[in-house]
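Take a look at the structure set out below.
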Amino acid sequence: MQSQPLSTRLPFITTMPKAVGTGIIIQSGEPFDEELERSLCETVSNFESAFSRFSATSKVGMIARSDFGGIGGSSCDIAGSVGGIDGIGGNAVTTAERGKARMIAFPEYAAALFDIYDTFHAATGGAFDPCVASDLVRLGYGPDLAIGAHANSAGAISMGSPGSASATGPTGSAGPTGFTNPSGFRDSATAAPRWGRDVTHEGPVLILLGTAVNGVSLDFGAAGKGFLVDLLSRQIAGRMPGCDYVIDAGGDMYTTVDITVAMESPWDDTEAVGVVQLPAGSALCASSPSRRHWTVGDSLQQVHHLLDALTGEPVRTVAASWCMVPGGSTDWPTGWCDAQSTAAFLGLTHGFPFARIMSDGSAQVSPRFPARLHYQN
């Protein structure tokens with residue numbers, strides 16, 4: 001149990017203030033040597049080189065720009081309705097029409113991240129989808145909006161201590177103008193690319209089909225930051241077995257010790273709506289638009305980054321969501337936790353323990369979520 005303050009139990013602090021746009025703070029019971037610190041930084045850099053939507057040189061960034069020469073993407077003919085792509089195997093592509101496919105190899109661990117997207121895409125009926133990036137760009141949340149956020153993270157990062165969970169990411173201002181659709185919203189749901197149809201995978205190999213073969217915008221932020229926490233956790237545990245630590249990536253957290261975590265109010269980031277008693281070996285993640293919202297073009301309509309991929313529009317019924325994944329539940333607890341906190345925002349009400357505060361102020365807490373709410377609707 002928590003007999004001492006966290007700062008006493010875990011007195012050593014390692015920070016990566018620019019990592020993934022929110023910064024990462026690690027508190028540990030033992031100091032990290034330079035080799036481990038360097039290795040952790042390399043892991044973050046390599047992850048961003050693969051998955052950052054805001055980097056022109058990342059794999060995801062080059063896919064969006066159709067710069068396949070820079071990432072070694074290859075294409076091949078596909079045909080039939082039962083087989084896979086030659087050289088890939090499995091059932092990665094099952095199309096009844098002849099066409100082209102493009103394959104891009106990601107790091108080996110990406111297979112587990114893509115599997116998480118498979119699961120939650122199916123569980124939400126398609127509302128959870130990395131292809132939602134095309135809608136985020138349409139609404140103005142592209143590299144132009146991210147520039148200010150990254151500049152801010154180099155100075156004063158708005159994030160909690162390892163003892164507080166908050167909604168994560170940059171606070172947007174007015175987005176760029178000049179959308180094809182002046183309102184910024186999608187004209188037709190059928191116009192959007194889909195995970196599992198236009199973008200699929202075989203293990204860590206991403207496969208682009210149909211219109212996506214010539215490039216597609218992807219955003220793996222719904223599970224990616226939590227997944228990165230797990231990658232860092234594995235490194236620490238492998239290098240320093242027995243060392244206790246808490247990793248906080250802007251509110252996506254994994255802990256090896258019991259801690260108490262404040263639940264940030266979606267309406268006032270100086271207030272807490274409750275506390276979570278987070279047990280050792282578990283993960284906690286939160287989703288909220290409170291720190292990532294902006295105005296669309298000339299419409300003066302405020303939007304945020306948590307979109308329903310089926311409509312391309314921000315979710316308006318939920319103000320904040322949290323998820324806890326107990327220890328031993330999965331090999332990638334924070335990745336799954338990050339995904340479920342987003343999926344709970346999208347309406348998923350089963351799976352790992354979660355809590356939601358609705359836009360009308362009402363609260364929903366699943367039976368096993370270890371929180372005590374103390375706000376009045």
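The numbers here are math on the coordinates, done by the rules we state, and not lab data. Bear in mind that the values here come from a model prediction, so they are computed numbers and not experimental data. Because the Cβ atoms are built from the backbone with ideal geometry, glycine has one as well, and the counts that use them run over all protein chains shown.
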Exposure-ranked with fewest Cβ neighbours within 10 Å first, Tyr109, Tyr254, Tyr375 stand as Tyr375, Tyr109, Tyr254
Taking Ile357, Ile13 and counting other beta carbon atoms within 10 angstrom, the fewest-first order is Ile13, Ile357
The extension gain from Thr311 to Ser329, computed as 0.36 nm times the residue separation minus the Cα-Cα distance, is 3.3 nm
Given backbone amide H placed at 1.01 Å from N, residues whose amide H is under 5 Å from that of Asp67, ignoring those fewer than 5 places away on the same chain, are none
Listed by chain and number, the residues whose amide H is under 5 Å from that of Met263, excluding neighbours fewer than 5 places away on the same chain and using placed H, are Val273, Gly274, Val275, Val276
Ranked from fewest to most other Cβ atoms within 10 Å of their own Cβ, Thr270, Thr200 fall in the order Thr270, Thr200
Excluding residues fewer than 8 positions from Lys225 in its own chain, the lysines with Cα under 22 Å of it are Lys18, Lys59
Residue span Ile13 to Asp33: 0.36 nm per residue of separation minus Cα-Cα distance leaves a gain in nm of 6.0 nm
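Assuming 0.36 nm per residue, please report the length gained on full extension of the stretch Ser66 to Gln364 beyond their Cα-Cα distance.
Length gained between Ser66 and Gln364: 103.0 nm.
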With R₀ set to 35 angstrom, the calculated FRET efficiency between the beta-carbons of Asp258 and Ala56, to the nearest 0.05, is 0.25
